[in-house]
Every structure is written in structure tokens, then in C-alpha cells.
2 protein chains.
Amino acid sequence: MSYCAEIIAVGTEILLGDIVNTDAQTVARALGELGINVYYNTVVGDNPERLRAAVEIAKSRADIIITTGGLGPTFDDLTKQTLAECFGKKLVLNETELEKIRGFFAKIGREMTKNNEQQAYLPEDCVVLENDWGTAPGCAFFAENTHVLMLPGPPRECKPMVQYRVIPYLKQLSDASLVSHELKIFGMGESSVEDKVRHIAEHMTNPTLAPYAKEGETLLRVTGRAENEEAADALTRPVIDQVYEILGEYIYGMDVPSLADVVFRLLKEQGLTLATAESCTGGLLSKMITDLPGVSEVFLGGVCAYQNEIKEQLLGVPHEILETKGAVSEECAAALAEGARKTLGADIGVGITGIAGPGGGTEEKPVGTVYVAVANEKETRVVKSRGHRDRGTIRNMAALTALDQIRRLVAK
Amino acid sequence: MSYCAEIIAVGTEILLGDIVNTDAQTVARALGELGINVYYNTVVGDNPERLRAAVEIAKSRADIIITTGGLGPTFDDLTKQTLAECFGKKLVLNETELEKIRGFFAKIGREMTKNNEQQAYLPEDCVVLENDWGTAPGCAFFAENTHVLMLPGPPRECKPMVQYRVIPYLKQLSDASLVSHELKIFGMGESSVEDKVRHIAEHMTNPTLAPYAKEGETLLRVTGRAENEEAADALTRPVIDQVYEILGEYIYGMDVPSLADVVFRLLKEQGLTLATAESCTGGLLSKMITDLPGVSEVFLGGVCAYQNEIKEQLLGVPHEILETKGAVSEECAAALAEGARKTLGADIGVGITGIAGPGGGTEEKPVGTVYVAVANEKETRVVKSRGHRDRGTIRNMAALTALDQIRRLVAK
């Protein structure tokens with residue numbers, strides 16, 4: 001049989017928009033991998049009546065209910081009580097979990113306040129989903145033909161709980177195999193990508209081909225469904241080949257975590273080192289690169305040259321360029337890239353300079369004018385970044401363009 | 001009367017977890033400011049039947065339905081058709097909007113593909129919510145005692161649409177005034193904060209006092225409700241005073257956007273400049289600072305000294321310190337802060353060094369050991385950052401600790 005799940009996030013802070021619902025994303029992705037359909041997500045506040053109403057609706061349309069949030073120690077954490085009531089269960093104290101909570105506080109050297117005990121009360125006859133990443137355990141039970149799983153809300157707890165507790169728990173329920181591959185594209189917008197692949201995507205049902213816009217990138221997902229993984233995977237392959245033929249070098253990778261990661265692998269394979277010089281991105285590029293563990297193998301460091309003096313003094317950008325061409329110019333970008341290479345002693349240097357706005361634009365150089373340069377021993381290439389709209393987008397596009405230029409320089 | 005709204009996000013890419021539902025946050029915040037209750041958010045895929053079912057449920061429990069997503073040009077964008085059907089309306093071509101879409105493509109110099117015309121079909125007798133930030137217009141109508149508003153999905157369109165279209169549209173409906181103030185806290189966890197304010201929070205109903213955990217920070221929201229803004233605000237004031245007495249300098253600001261912003265204002269007021277030297281945070285701190293427009297007034301730049309050679313050569317960290325104390329040491333953090341000050345010619349220098357993990361930890365210096373130093377002309381202070389758990393958290397906490405240390409150094 002094919003299961004259908006509903007995710008219910010409990011928390012006034014999500015409902016009111018204080019935080020975004022990343023847990024729903026975490027859970028939904030895992031369910032997708034397991035071939036379990038998700039038709040609805042619901043968000044409800046820390047209010048037992050409305051949570052009860054949401055659970056009743058979910059019961060009527062889903063076989064699996066997964067809640068996130070409301071397991072904590074504070075007076076508005078009411079998920080376990082409410083779900084237990086909805087399914088006619090009592091909460092009972094779990095001594096083992098109580099001990100673990102005590103141990104957790106001892107380990108981090110903080111006092112355990114009385115309210116933390118609440119977290120050890122769990123629905124009778126449930127399976128405890130142990131939480132090694134926080135204090136509130138999750139739990140799961142089967143009642144009234146519904147599988148119920150409750151997970152803690154903080155994303156840094158919810159994420160590993162999904163990976164190490166929920167997936168193994170649900171795997172035993174699922175039968176059909178779903179295999180997805182993601183083709184990641186930089187430098188071409190979603191509607192252009194869709195236009196180019198429309199003729200192959202439109203009438204397919206298995207596998208499916210769907211484009212998604214991500215911040216500055218486009219992603220094409222090819223998903224096959226069959227009785228086992230191998231067969232599902234085989235369905236996707238001819239479509240993937242077709243897409244590669246159409247989009248070519250715009251595809252920076254398949255099933256890769258990010259453009260930064262692809263660049264890291266390429267540099268590592270070729271034993272090359274990298275240094276950055278950033279003006280308008282102010283460290284965003286080096287931040288993206290150093291998000292990756294172990295990147296010190298290839299990344300030496302960078303200079304955030306926000307002021308012109310620093311461009312000159314630390315990176316040797318000729319005063320003349322700044323004077324005649326300006327800090328936002330192809331020439332300055334090239335000098336930054338070359339300066340980063342030389343000053344920091346790297347094989348490849350990157351330079352970014354531009355106007356991220358909202359102020360500082362002119363008619364000749366409007367907000368969004370950004371030059372990105374990459375340099376190695378043999379050549380220096382400069383391109384214009386395509387970002388527009390707002391400061392965040394402009395900076396993000398500039399940093400991604402830099403990564404893409406490194407990829408193209410190194411991959412050739 | 002008091003209105004109650006439901007937000008319905010339409011999009012398989014949200015349901016499957018490809019993107020997080022930031023639009024719900026944007027809309028919910030705006031509704032909160034208007035004093036409109038939100039009891040449920042729902043997410044549904046690009047499927048007309050399930051969207052119809054979700055709309056029917058929303059109709060039964062809300063006076064206002066706001067949808068996000070599914071207004072675009074692709075074949076799976078079905079929100080307008082479905083909502084129009086649910087309320088017995090037809091879609092009609094809006095020539096003005098069609099012209100605008102044509103103009104948009106002309107302006108950005110891209111070809112307008114045929115599918116884009118779909119976006120100009122709107123429910124009969126609706127109010128057009130003009131979209132100056134993208135191609136798909138929003139719309140609003142009142143039918144069957146329900147206010148329906150439809151907004152585009154891309155966050156960079158949805159956000160301004162909410163601010164400039166939805167808020168003015170809804171303002172005429174709302175009567176009760178809600179005033180919220182946010183006290184932002186750094187250096188004390190949510191449960192400690194809750195424990196300290198519990199005695200005042202627990203039995204209050206108006207105003208309310210609620211703690212929220214944010215990545216590395218805690219937020220206390222005080223909300224008053226009354227017949228007008230002034231009266232609502234007056235309700236919050238005595239509670240705010242009480243909280244300030246209890247938490248003191250842990251509160252870095254009230255109704256401020258971020259710690260980085262507070263630091264920027266403080267430096268600007270005092271005419272001080274700043275430079276950074278980052279090791280394990282790899283540019284995250286300078287990225288956070290330069291997220292702020294106009295920050296070049298106070299921020300000169302920074303060095304991301306990922307490798308030890310760069311710490312020595314660019315920032316003058318004594319070789320002896322690296323040799324005897326190691327790069328992850330109080331002494332190195334201090335030398336980085338002082339080096340940033342001197343090399344970049346700033347009034348205040350910041351240095352961050354540590355082990356962000358997951359590799360690189362030792363028994364003496366486990367993953368999560370991070371030293372943060374701030375230096376001005378007179379003194380250098382070094383503290384240990386409290387971050388643990390994972391690379392992202394450790395880096396984020398280190399950067400926030402640095403900002404908090406600048407704040408404390410400058411505010412005294």
C-alpha cells in the first residue's frame with residue numbers, strides 16, 4: 001500500500017512568523033525519500049483546542065501524522081498531552097528518559113529546572129524516539145489506524161531525529177521505491193530551464209521531471225518510482241542524459257550539495273589552492289567556502305577589502321585603477337583577483353567588486369553592477385554578475401558567480 | 001469584530017521540502033501587526049483537488065484566506081483557477097496586467113514566452129494587487145463572507161507585496177490594536193530567560209510576555225491589546241521595565257533588527273571604525289556586518305586568516321604565539337584583534353579563532369573551543385564563545401559573541 005502523511009507543526013512562534021518552518025522541510029524530504037506521499041502540512045499555535053481540531057482533520061486524510069514542536073519544558077508545550085488525548089492515551093513518566101535529561105544538564109554544567117521533568121512524560125505504550133541532541137525525547141505509536149510520531153521543534157534536534165529515528169522507524173512501513181536525482185544549474189533562470197525541457201517534461205508521468213527555483217540557482221529533479229531502487233533508478237537515466245544534452249555546462253553537478261562543494265572537490269582533486277578578495281560581498285564568499293568542513297586543505301584565506309585603502313595596501317590594487325576606472329570596474333576586479341593570488345600565495349585568486357545597494361548607484365553604474373574576476377597563473381577572466389533586485393540577492397549572486405567562474409576555470 | 005485569517009501556501013516544492021515556507025512568516029508577521037489572529041497555516045501541493053479541500057476547510061474556520069504561490073506562468077500554477085472555482089468566479093483577461101507583463105520582459109531584455117500570458121487572467125471583479133517586483137499580479141476579492149487574497153510565491157515578490165499591497169488592503173478591516181515590543185537577549189538561553197521571568201509571565205493575559213529561542217539568541221515579546229495603539233502600548237511599558245530590571249545588560253536592544261545593527265548604530269554614534277580578523281568563522285562576521293547597507297561608514301574591512309601563514313604575514317600574529325600557544329588560544333585571539341586594528345587602521349579590532357569542527361578537536365581543545373577578542377586603543381578583552389553542537393552553530397555563536405563583545409566594549 002501507499003502511505004500518505006501529514007505534518008503538523010505546533011508552535012505559536014511559527015504561526016506568528018517569528019521563525020520559519022524548516023522542520024516541515026526536513027520531515028517532508030525524508031518522507032519523499034521513503035516514497036511516502038505528503039499532501040498537507042499544517043501549522044497550529046500552542047493551543048490545545050486548535051491542535052486537537054487539526055489532528056482530527058489530519059486523521060481523516062492521512063495514515064501517518066508527524067508533529068514537530070511543543071515537546072519542551074515550558075508551560076505552552078502541549079503536544080504530547082493533546083495528541084495522547086486525541087488517541088485516548090495517558091501520559092506516563094518514563095524514568096529512563098528522566099535520568100537522561102538529568103544527565104544532559106549535568107554534562108553541559110547547567111542547573112536542571114523543575115519544568116524540565118515534564119519532558120519525560122510520554123504516551124503509554126509508545127516507542128521512545130531517543131533524542132541525543134537535546135532534552136526532549138520524541139515518541140511514536142500506532143492507534144486508530146494511524147501512525148503518530150512526535151518530534152522536538154528546534155531544527156538542530158529535529159534534523160538528526162528525522163535522520164536517525166524517523167527514517168528507520170518508517171522504513172518498515174514503506175514498499176514502493178522512489179529514486180530522485182537532482183541536476184543543479186547555475187546561470188539560467190527557472191523559466192528558461194522549463195522552456196528548454198518542457199517538451200520532454202510535459203507528458204511524462206514516471207519518471208517525472210520538475211524544475212525548482214532556488215536562490216540564484218535552478219534545480220531539475222528527476223524522480224522514478226518502481227518496485228525496487230535499481231528499477232526506479234534505471235527509469236531516470238535516459239531522462240538525465242537528455243537533460244545533460246540540452247543544458248550542458250550550465251549543469252554544475254548532479255546530486256551535489258552545493259556549488260561551493262563542487263568547487264572544493266575540483267580544487268582538491270587538482271591540488272590547487274584558493275584565496276579571495278571581496279569588496280561588496282564583504283566576506284560572503286569566504287563564509288560560503290568555509291561553511292564546508294575540511295576546506296582548509298584548499299582555501300588559504302581572504303581579504304574583505306571594504307575600503308579602497310585596503311584594496312591598495314593589502315592587495316596591491318594600483319592607485320591609478322581606483323582613480324581612473326573606479327573601485328567598481330573590470331580592471332579593479334581583475335587586480336583584486338590577482339592581488340589575492342599574490343598576497344596570499346594561492347594558485348587561484350578571486351576578486352569581487354560592485355554596488356550591492358540600496359545606495360551608491362549611478363546612471364553609469366547602477367545598483368547591481370558587480371564584476372567578478374578569477375585569476376590563475378596563466379589568465380585572468382572577468383564577468384559581470386547577473387544579480388539585481390535587492391542587496392541580499394545581488395551579494396548572493398555575486399558570490400555564486402565567483403564560485404561558478406572558479407568551476408569553469410578549473411574544469412576546462 | 002476580531003478577524004481570523006488562515007494562510008494557505010500552494011506549492012509542491014514547499015510540501016516536498018525543496019524550499020522552506022518563508023512566505024508564511026512574512027504574511028503572519030503582517031497579520032500580527034494588524035491585530036488579525038492567525039490560527040492555522042496550511043501547505044498544499046500544486047494539486048487542484050487538494051487545494052480545493054484545503055480552501056473549504058479554511059472557509060469554515062477563517063474570515064480571511066491568504067494564499068501564496070501558484071500564480072506563475074508554468075502548467076502547475078493553478079491557484080487562481082482553483083480559488084475562483086471555490087468561490088464561483090470566472091477568470092478574465094486583464095489587458096492592463098498583460099501590458100505590464102510585456103513591459104517587464106522588455107525591460108529586463110528577455111523574451112516573453114507564451115505561458116507568461118496566463119498570469120494576466122484574474123478572477124472577475126477582483127481588486128488587482130499590482131506586483132512591481134515580478135510578473136505575476138496578486139488579487140483580492142470578498143465573497144461568501146470571506147476575504148480572499150492571493151499573492152505570488154517567490155519571497156522577494158511576496159515580501160513587498162505584503163508590505164505595500166496586503167497591509168493597506170487589510171488595514172481597513174481591522175479594529176483592535178495590538179502593540180508588540182521585542183526585547184532581544186544575547187548570552188542567556190531560552191529556558192534560563194523563561195525561568196527568570198516566569199513569575200511575571202505566567203498569570204498575565206494582557207499584556208502577554210512570551211520567550212522565543214532564535215539561533216543563538218533569545219527574544220522576549222511583550223504584546224498589549226487595546227482599543228487604540230497608545231493604550232495598547234501603555235499596557236506593555238511596566239512589564240518592559242520589569243524585564244529590564246531582571247535581565248539588565250543581557251538585553252542588547254528593544255525593537256532592533258539584529259545585534260549587528262545595534263553595533264553599527266553604536267559605532268556610528270561614537271564615530272568609531274571597525275576591522276575584523278577571522279579564522280574559524282571564515283568571513284561570517286564580516287558577512288553579517290556587511291549585510292547592513294551603509295555600514296562602510298564604520299567598517300573598514302577584514303582578513304579571513306584561515307591559514308597560520310596569513311595570520312603571521314598579514315596580521316602580524318607573533319610566530320612564537322602560534323608555536324607555543326597554538327592558533328586556537330586566548331593569546332592568538334588577542335593578537336588577531338590587535339593585528340586587525342593596526343593592519344587595517346581601525347579604532348576597534350576583533351579576532352576570532354577556534355575549532356568549528358567536525359574534525360580538528362583534541363582532548364585539551366575540543367570542537368567548539370573558540371576565543372573571541374576585541375581590542376581598542378586602551379585594552380584587549382578575550383572571552384570564550386559558548387557555541388557547541390555543530391559547525392554552523394559554533395560559527396554563528398562565535399560571530400554573535402564577537403558582535404556582543406564589541407557592543408559591551410563600546411557601550412560601557
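Rule-based calculations on the coordinates, nothing more; no lab input. What you see is a predicted model, and the numbers here were worked out from it, not measured in a lab. In this analysis, Cβ positions are derived from the backbone assuming ideal geometry, glycine residues included, and neighbour counts consider all displayed protein chains.
Some notes on this structure:
- Anisotropy class of the protein assembly as shown from Cα gyration tensor, a/c 1.5 cut: rounded
- Cysteines in chain A that lack a partner Cβ within the 4.7 Å cut-off: A:4, A:86, A:158, A:280, A:304, A:332.
- Estimated vicinal HN-Hα couplings, Hz - the stretch B:73-87 in sequence order (Karplus 6.51, -1.76, 1.60; Gly, Pro = x): x, 8, 5, 9, 8, 10, 4, 4, 3, 5, 5, 4, 4, 4, 10
- Position residue B:199, label points 7 Å along Cα→Cβ, spacing to each other copy in nm (shortest first, one decimal): 7.6
- Taking the centroid of alpha carbons for each part, the stretch B:68-134 and the stretch B:313-330 are 60 Å apart.
- In this rough spin-label picture, where each label sits 7 Å from Cα along the Cβ direction, the residue A:242-residue B:125 distance is 4.5 nm.
- Counting only alpha carbon atoms, the long axis of helix A:190-201 and the longest principal axis of chain A meet at about 70°.
- Chain B versus the axis that turns it onto chain A: the residue with the nearest Cβ and the distance in whole Å amount to B:283, 2.
- Relative to the other identical copies, residue A:110 shows label-point distances of 4.6 nm, where the label point lies 7 Å from Cα along the Cβ direction and values run shortest first.
- Annotation for residue A:323 and residue A:198: the two label points, set 7 Å from Cα along the Cα-Cβ direction, are 5.5 nm apart.
- By the count of neighbouring beta-carbon atoms within 10 Å, fewest first, A:171, B:214 end up ordered A:171, B:214.
- Here's the picture: a label point sits 7 Å out from the Cα of residue A:188 along the beta-carbon direction, and within the stretch A:389-412 nothing has its amide nitrogen under 15 Å of it.
- Hull volume in cubic angstrom per residue (convex hull over the Cα atoms of the stretch A:177-254): 76
- What separates the Cα centres of the stretch A:163-198 and the stretch B:333-369 is a distance of 39 Å.
- Counted charge near residue A:200, where neighbours are those whose Cβ lies closer than 13 Å (Asp, Glu -1; Lys, Arg +1): -3
- Both radii were evaluated on the Cα set of the stretch A:4-171; the Rg over Rh quotient, with Rh as the Kirkwood radius, amounts to 0.94.
- Cα long-axis angle, helix B:22-33 against chain B (0 to 90 degrees, to the nearest 10): 80
- Whole-Hz couplings from phi, Karplus 6.51/-1.76/1.60, listed for the stretch B:254-264; x for Gly and Pro: 10, 6, 9, x, 6, 4, 4, 5, 4, 5, 4
- Across chain A, the relative contact order, built from alpha-carbon pairs under 8 Å that are at least six residues apart, equals 10 percent.
- Cβ-to-Cβ counts within 10 Å put B:181, B:203 in ascending order as B:203, B:181, the fewest first.
- Computed from the alpha carbon atoms alone, the convex hull of chain A holds 184 Å³ per residue.
- Shortest-first distances to equivalent copies, position residue B:377, nm, label 7 Å out along Cβ: 4.8
- Counting every other Cβ atom within 10 Å of each residue's Cβ, A:286, B:296 order from fewest to most as B:296, A:286.
- Prolate/oblate/rounded label for the stretch B:150-290 (Cα gyration tensor, a/c 1.5): oblate
- Full-extension gain in nm, residue B:228 to residue B:272, via 0.36 nm per residue minus C-alpha separation: 11.8 nm
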